[in-house]
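J.: I am attaching a structure below and will ask some questions about it afterwards.
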Amino acid sequence: MKKVLIVGTGLAALTAALRLVKRGYQVEMVEKFHQPGGRLNQLKKDGFTFDTGPTFFSMTYEFDEFFKDAGLEKMPFTFKELDPLYSVNFRGSQRSYLIYKDLDRLAKEFEGIEPDFKRKMEKFLTSAGSFFHDTENLVLKRNYDNIFQYLFTLMRVPYKHSPRLLRTVWNEMERHFDSREVKEIFSLVAFFLGATPFDTPAIYTLLSYTELVHDGYHNVYGGMYKIVEGLNKELYKAGVKIHYNTEIVDYKAGKSSLKHFTDQHGNNREADIFVVNSDAAFFRNKVFKRKKFSDSRMEKMKWTLAPLTLYLGVDRKVENLHLHNYFLGDNFKEYSGKIFKNSISLERPYYYVNAVSKADPESAPEGCESLFVLCPVPDRRYRPDWPDKEEVADNIIRDLSERIDFDLQKHLVSKTVWTPVEWENAFNLYKGSGLSLAHDLNQIGGFRPKNYDEEFKNVFYTGSSTLPGTGLPMAVISSRLIVERISRSYGPLHQ
């Protein structure tokens, strides 16, 4: 029996581990944090429970594929489809726009704002859907052995989609819609990728199709961390051992294979095969010290925005919030253009609020509310330190209080603030970048860091900074791709 050591316990690692167990491999895992999940984690404090990272996702059928592939009897968590998907409020306005999947209900939200909205949206979604179905299996869900194989695959994509490569998400919005509100709301998909619509390729408007038509958005009964807990139980039943508070800091290799990793305690972690779920670029930089991923080259790569997150416990129910909420300002283009490099004030930032307890009452004491706030901010290349983190957090709390007509500060009984510093330290995120490498055209597909090592034939990578990219369904796909590579090299030991 061949042994696999997996570094990290994010979603890609957990699903890869169970796929490998099904194929007869012995699996062991190490994790820097004190519990599994990576960014898909959980915080418990003062009687409140919070999901620390992702709060909804699409493409649930990727989980179905995983459970079938891993040979699990049943899914150990339950999805809940969202409708409305989320609400959006603009500063200075008393109304919130509710984003429904039903186009007739959605059109009513924009009456008097966007003439002929339904026809325009149908045209937009038809175009985005065509691109999605022409590329999902052809480009997205496959391994690439070299850059030429990737480019050859792109040549097979119907030529009609090529203009998307030259446009941004914002350009695509301007082609279809006229009102500022509609363009800004439906370009928020770029922020789901940790970027802005002005620097995200138009190919990612396919996310609008996945949210409104294809599969919609879902979360999980009992909180998103139920995914991790459920998978962890399956790993326990399978005899997979996980070592927490264990960080890989060094290695020893032979001519073409890795012999072992070494953790911060000096323990050598030996295996036949190694799978790295830590950031694929940062790990090559920090542990392997590869020239291609030197400090100077890492600095020049494009990274996603960093997260500033607030976890708030409130001693009252908050009425004027939906489950998922976006609070935007009145300077969208200026804010988007300056936020990356820390050249705009965070006195009145843009942010997202998940009213956790509206879907999961057990996340807060009776009569109370659990609130999760995410504010995208510059990574630590541009804002190294956060001595004013409490001030920025209070700015957000004050702004939110005004916009929902509820004095949050007066009713706060629990408050936790994580800056990019805390995120970097907890999960080894490069400079605190929330979703790893950005999805520029020169950093997607075959241009992302490879999911196999350049020097060691028994080292592989899975997760958001390698194929196919960021997001929960992408993590599940990533685990399938890496297991395909391992099976191709070593074979399934049994089925």
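J.: For segment 316-362 and segment 163-194, write down the distance between their C-alpha centroids in whole Å.
T.: 19 Å
J.: Under 20 Å between alpha carbons: how many lysine pairs meet that in segment 108-208, if sequence neighbours fewer than 8 apart on the same chain are excluded?
T.: Lysine pairs, 8 or more places apart or on different chains, close enough: 9.
J.: How much length is gained if the chain between GLN149 and ILE113 is pulled fully straight, taking 0.36 nm per residue apart and subtracting their Cα-Cα distance, in nm to one decimal?
T.: Result: 8.4 nm gained on full extension.
J.: Moving on to the next point. Identify the trypsin sites (Lys or Arg not before Pro) of segment 407-495 meeting these criteria: DSSP loop state and at most 15 other C-beta atoms within 10 Å of the C-beta.
T.: LYS457
J.: Hey, got a sec? Which GluC sites (Glu not before Pro) in segment 49-87 land in a DSSP loop and have at most 16 other Cβ atoms within 10 Å?
T.: GLU73
J.: Then there is this: With unit charges on the beta carbons (Lys and Arg positive, Asp and Glu negative) and the dipole taken about the Cα centre of the chain, which residue among THR15, SER179, LEU310 sits farthest to the positive side?
T.: Farthest along the dipole direction, towards plus: THR15.
J.: With P(r) over Cα pairs in 20 Å bins from 0, in percent defined as stated, name the option among [x] 20, 40, 25, 14, 1; [y] 21, 53, 23, 2, 0; [z] 23, 58, 18, 0 computed from the structure displayed.
T.: So the calculated entry is the one marked [z].
J.: While we're looking at this one, here's another question. Which ordering of SER433, SER127 is given by a fewest-first count of other beta-carbon atoms within 10 Å?
T.: SER127, SER433
J.: Here's a follow-up. Where nothing but the Cβ of Lys and Arg (+1) and of Asp and Glu (-1) is charged, how large is the charge dipole of segment 364-477 around its Cα centre, in debye to the nearest 20? Provide the component values of the computation, followed by the final result.
T.: On the way: 12 positive and 18 negative charges, 93 e Å.
Rounded to the nearest 20 debye, it is 440 debye.
J.: Among 297-304, 371-378, how do they line up from the highest to the lowest mean number of other beta-carbon atoms within 10 Å? Write out the running numbers ahead of the final one.
T.: Details: 297-304: 16.8, 371-378: 22.8.
Going by the mean number of other Cβ atoms within 10 Å, highest first, we get 371-378, 297-304.
J.: Hey, rough spin-label estimate for LYS160 and LYS237, points 7 angstrom out along Cα→Cβ, what's it come to in nanometres?
T.: Going from the LYS160 label point to the LYS237 one covers 4.6 nm.
J.: Starting from the 7 Å offset along Cα-to-Cβ, what nm value, one decimal, do you get for the label separation of LYS44 and TYR244?
T.: 1.0 nm
J.: For segment 142-200, run through the trypsin sites (Lys or Arg not before Pro) and keep only the ones in DSSP coil with at most 14 other Cβ atoms within 10 Å of their Cβ.
T.: Hits after loop and neighbour filter: ARG156.
J.: Considering only C-alpha atoms, what is the centroid distance from segment 200-247 to segment 404-442, in Å?
T.: Segment 200-247 and segment 404-442 have Cα centres separated by 18 Å.
J.: What is the fewest-to-most order of ASP51, ASP134, ASP83, ASP104 by other Cβ atoms lying within 10 Å of their Cβ?
T.: ASP104, ASP83, ASP134, ASP51
J.: Find the lysine pairs in segment 221-313 meeting two conditions, Cα atoms under 23 Å apart and a separation of 8 or more places or different chains, and report how many there are.
T.: Total qualifying Lys-Lys pairs in segment 221-313 comes to 25.
J.: If each residue of separation counts as 0.36 nm, what is the full-extension length gain between SER345 and TYR100 once their alpha-carbon separation is subtracted? Write out the running numbers ahead of the final one.
T.: Working: separation 245, 0.36 × 245 = 88.20 nm, distance 3.25 nm.
85.0 nm is the gain from fully extending SER345 to TYR100.
J.: Now, a different point. Compute the separation of the alpha-carbon centres of segment 6-75 and segment 89-136 and state it in Å as a whole number.
T.: First find each Cα centre; the distance between them is then 33 Å.
J.: With +1 on the Cβ of every Lys and Arg and -1 on the Cβ of every Asp and Glu, and nothing else charged, how large is the dipole of the chain about its Cα centre, in debye rounded to the nearest 20?
T.: Computed charge dipole of the chain: roughly 1980 debye.
J.: Just to be sure I understand the model, the point goes 7 Å from the Cα along the line to the Cβ. What's the resulting SER256 to LYS289 distance in nm?
T.: 2.5 nm
J.: I've got another one for you. Classify segment 1-158: rounded, prolate or oblate, from the alpha-carbon gyration tensor (a ≥ b ≥ c, eigenvalue square roots; a/c under 1.5 rounded; otherwise prolate if a/b is larger than b/c)?
T.: oblate
J.: About the Cα centre, and with charges only on the beta carbon of Lys, Arg (+1) and Asp, Glu (-1), how big is the dipole of segment 108-208? Nearest 20 debye, please.
T.: Its charge dipole is roughly 360 debye.
J.: Using the count of nearby Cβ atoms within 10 Å as a rough guide to exposure, how do MET59, MET1 rank from fewest to most?
T.: Fewest-to-most ranking of MET59, MET1: MET1, MET59.
J.: Got a sec? Charge dipole of the chain, +1 on Cβ for Lys and Arg, -1 for Asp and Glu; which of ILE6, ASN395, PHE79 is way out at the positive end?
T.: Projecting each Cα onto the dipole axis, the largest value belongs to ILE6.
J.: Which one of LEU151, HIS265, VAL476 has its Cα pushed farthest toward the positive end of the charge dipole of the chain, where Lys and Arg give +1 and Asp and Glu give -1 at the Cβ?
T.: Going by the charge dipole, the pick is LEU151.
J.: Let me check I've understood the local charge: for ARG398, count other residues with C-beta under 11 angstrom from its C-beta, Lys and Arg +1, Asp and Glu -1. What total comes out?
T.: -4
J.: Right, another one. 222 nm [θ] for the chain, helices only, -39500 (n - 2.57) per DSSP H run of 4+, per residue, to 500?
T.: The per-residue figure over the chain is -9500 deg cm²/dmol.
Bear in mind these aren't lab numbers, they're just calculated from the coordinates by the rules spelled out. This is a predicted model, so every value here is computed, not measured. Virtual Cβ from ideal backbone geometry, glycine too; neighbours counted across all protein chains shown.
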